[in-house]
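**Student:** Here it is, the structure, as structure tokens.
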Amino acid sequence: MNSTILNYIQNNKDSIFSQWLEATKDNADERVTKVVSDQVFIGTSREFIDLIISNIKSSNEEFTSKLSDFSEKIVRLGWPLSFVTKGLQTFGKIVFEGMQEAGIVTQENQMKVIYEFDGWMTPMVNEVVNMYSATWERTVSLQKIALQELSAPLIPVFEGITVMPLVGTIDTERAKQIMENLLNGVVKHRSEVVLIDITGVPVVDTMVAHHIIQAADAVRLVGAKCMLVGIRPEIAQTIVNLGIDLNQFTTKNTLKKGVEAALELTSRKIVKVEGEE
């Protein structure tokens, strides 16, 4: 890179940062400014400017390492890619206009300086976009795995009795996760009765019912009984209107009644102890 541009940036770093911070904060949306405190925003912004400058001074490997760490940070903070790329453009504009005001950029050398700027900024923008995108995809992938693990938990509540509370929409991919967790959990916890609680499932259509029936059949094949609980009146009406056959299920309208029935199936019951405080 042109040493004149490098020297100008290094000698005017604080002034450039102040102008950049003011310009970007005015144009930033709530995803950038409202989620974090001013102190965090200013600190992260300074890291961003230092990162840009390190692209001039550091080796490519060192810059890539710093960029990777910074990308993970701003993805966690929720900074959109458009804000990051706009920040790079704003930085270049502030530097170029500052050099014009200082008389460093003249009509005679203007095209040469523009060419130098383009040769520096364009590869950096591309690398920042690629690294941000890779970090975002990796983060989303990890979050998806975590959600899948939590989307169909099998919880032991008594010896031989486990509950799978379902919340939200059940699609084909999630149904596979439910089936896998059910079978693994039944064997792991040595369950005799499994309660599938659909209290938190907003809609039960033919596809959802089909997935639940498949899961119940699979549970029976590994030696346990399956019970469907949390059937609200509107869900019951939908099931009847669709002609869905749930006769092979023991069904209860609440989890409490389901647990009581499961205890009876395992030759136990809840009794009230008289005289206890």
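The values are calculated or read from the model by the stated rules, or taken from the named source; none is laboratory data. Please read these numbers as outputs of a predicted model, since none were measured by experiment. FYI the Cβ positions are ideal-geometry reconstructions off the backbone, even for glycines, and counts take in every protein chain you see. For the accessible areas, the whole protein counts, side chains as well, though only heavy atoms, and no ligand, DNA or RNA atoms are used. Shrake-Rupley method; radii C 1.70, N 1.55, O 1.52, S 1.80 Å.
**Student:** Scan region 71-90 residue by residue and report those that are of a type in the set (A, V, I, L, M, F, W, C), open to solvent by less than 10 Å² (accessible area, probe 1.4 Å) and either modelled with pLDDT of 80 or more or in contact with a Pro (Cβ under 7 Å, 6 or more places away or on another chain) (or both).
**Tutor:** Pass one, region 71-90, residues of a type in the set (A, V, I, L, M, F, W, C): 74-75, 77, 79, 81, 83-84, 88.
So of that shortlist, the ones also open to solvent by less than 10 Å² (accessible area, probe 1.4 Å) come out as 74, 79, 84, 88.
Across region 71-90, the qualifying residues are I74, V84, L88.
**Student:** Only one of these conditions is not met by L246: (1) of a type in the set (A, V, I, L, M); (2) touching a strand residue (DSSP E or B) at 6+ places or on another chain (Cβ under 8 Å); (3) under 20 Å from A152 (Cα atoms). Which number is it?
**Tutor:** Just one mismatch for L246, condition (3).
**Student:** So T135 ticks every box in (1) surrounded by 16 or more Cβ atoms within 10 Å (Cβ to Cβ); (2) at pLDDT 85 or above; (3) over 30 Å from I49 (Cβ atoms) but one. Which box is left unticked?
**Tutor:** T135 satisfies every listed condition except (3).
**Student:** While we're on this one: Got at least one residue in region 179-194 being within 21 Å of R232 (Cα to Cα), small (G, A, S) and free of Cβ contacts under 8 Å to residues at least 40 places away in the same chain?
**Tutor:** Kept after step one, since they are within 21 Å of R232 (Cα to Cα), are these residues of region 179-194: 194.
Applying the additional criterion that residues be small (G, A, S) yields none.
Looking for residues that are within 21 Å of R232 (Cα to Cα), small (G, A, S) and free of Cβ contacts under 8 Å to residues at least 40 places away in the same chain, one finds none in region 179-194, hence no.
**Student:** Give all pairs with beta carbons closer than 6 Å in which a residue from region 65-87 that is in contact (Cβ under 8 Å) with a residue 60 or more places away in the chain meets a residue that is of a type in the set (S, T, N, Q) and surrounded by fewer than 19 Cβ atoms within 10 Å (Cβ to Cβ); count only pairs at least 6 apart in sequence or on separate chains.
**Tutor:** That search, which allows pairs on different chains as well, returns V75/T139.
**Student:** Another question, if that's okay. Name every residue in region 241-277 that is surrounded by 11 or more Cβ atoms within 10 Å (Cβ to Cβ) and small (G, A, S), in order of residue number.
**Tutor:** If the condition is that a residue be surrounded by 11 or more Cβ atoms within 10 Å (Cβ to Cβ) and small (G, A, S), then G258, A261, A262 are the ones that fit.
**Student:** Follow-up. Kindly check whether there is at least one residue in region 102-117 that is open to solvent by less than 20 Å² (accessible area, probe 1.4 Å), farther than 21 Å from L6 by Cα and part of a helix (DSSP H, G or I).
**Tutor:** Taking every residue of region 102-117 in turn, none turns out to be open to solvent by less than 20 Å² (accessible area, probe 1.4 Å), farther than 21 Å from L6 by Cα and part of a helix (DSSP H, G or I).
**Student:** Return yes or no: is I56 over 28 Å from the mean Cα position of the chain (by Cα), surrounded by 14 or more Cβ atoms within 10 Å (Cβ to Cβ) and modelled with pLDDT under 80? Spell out the reasoning first.
**Tutor:** Details: over 28 Å from the mean Cα position of the chain (by Cα): yes; surrounded by 14 or more Cβ atoms within 10 Å (Cβ to Cβ): yes; modelled with pLDDT under 80: yes.
Yes.
**Student:** With surrounded by fewer than 16 Cβ atoms within 10 Å (Cβ to Cβ) and modelled with pLDDT of 75 or more as the only criterion, which of T24, T64 stands out?
**Tutor:** Details: T24 fails: surrounded by fewer than 16 Cβ atoms within 10 Å (Cβ to Cβ).
Checking each option against the conditions leaves just T64.
**Student:** Something else now. Run V204 past the list (1) in a loop (DSSP other than H, G, I, E, B); (2) modelled with pLDDT of 90 or more and report the number of the one that doesn't hold.
**Tutor:** (2)
**Student:** Continuing with this model, one more query. Specify the residue that is farthest from H210 (Cα to Cα); the eligible residues are those in region 160-176 that are surrounded by fewer than 17 Cβ atoms within 10 Å (Cβ to Cβ) and not β-branched (V, I, T).
**Tutor:** Just the residues of region 160-176 that are surrounded by fewer than 17 Cβ atoms within 10 Å (Cβ to Cβ), to begin with: 167-169, 171-173, 176.
Narrowing the set further to residues that are not β-branched (V, I, T) leaves 168, 171, 173, 176.
Numbers: G168: 16, D171: 11, E173: 14, K176: 12 Å.
Top of the filtered list is G168.
**Student:** If you scan region 228-250, which residues turn out to be more than 16 Å from Q214 (Cβ to Cβ), among the hydrophobic types (A, V, I, L, M, F, W, C) and part of a strand (DSSP E or B)?
**Tutor:** V229 - this is the single residue of region 228-250 that is more than 16 Å from Q214 (Cβ to Cβ), among the hydrophobic types (A, V, I, L, M, F, W, C) and part of a strand (DSSP E or B).
**Student:** Another question about this same structure. Conditions: (1) assigned to a helix (DSSP H, G or I); (2) within 22 Å of S267 (Cα to Cα); (3) out of contact with any Cys (no Cβ under 6 Å at 6 or more places or on another chain). I212 meets all but one. Number of the miss?
**Tutor:** (2)
**Student:** List pairs: first in region 244-268 and more than 26 Å from T206 (Cβ to Cβ), second in a loop (DSSP other than H, G, I, E, B) and open to solvent by 60 Å² or more (accessible area, probe 1.4 Å), Cβ under 6 Å, 6+ apart or cross-chain?
**Tutor:** L263/K269; T266/E192
**Student:** Here's a follow-up. Being surrounded by 14 or more Cβ atoms within 10 Å (Cβ to Cβ) and within 30 Å of the chain's Cα centre (by Cα) is the filter here; which residues of region 195-213 pass it? I'd like the intermediate steps shown before the answer.
**Tutor:** Initial filter on region 195-213 (surrounded by 14 or more Cβ atoms within 10 Å (Cβ to Cβ)): 195-199, 201, 204, 208-209, 211-213.
Once the filter is applied, which keeps residues that are surrounded by 14 or more Cβ atoms within 10 Å (Cβ to Cβ) and within 30 Å of the chain's Cα centre (by Cα), region 195-213 yields L195, I196, D197, I198, T199, V201, V204, V208, A209, H211, I212.
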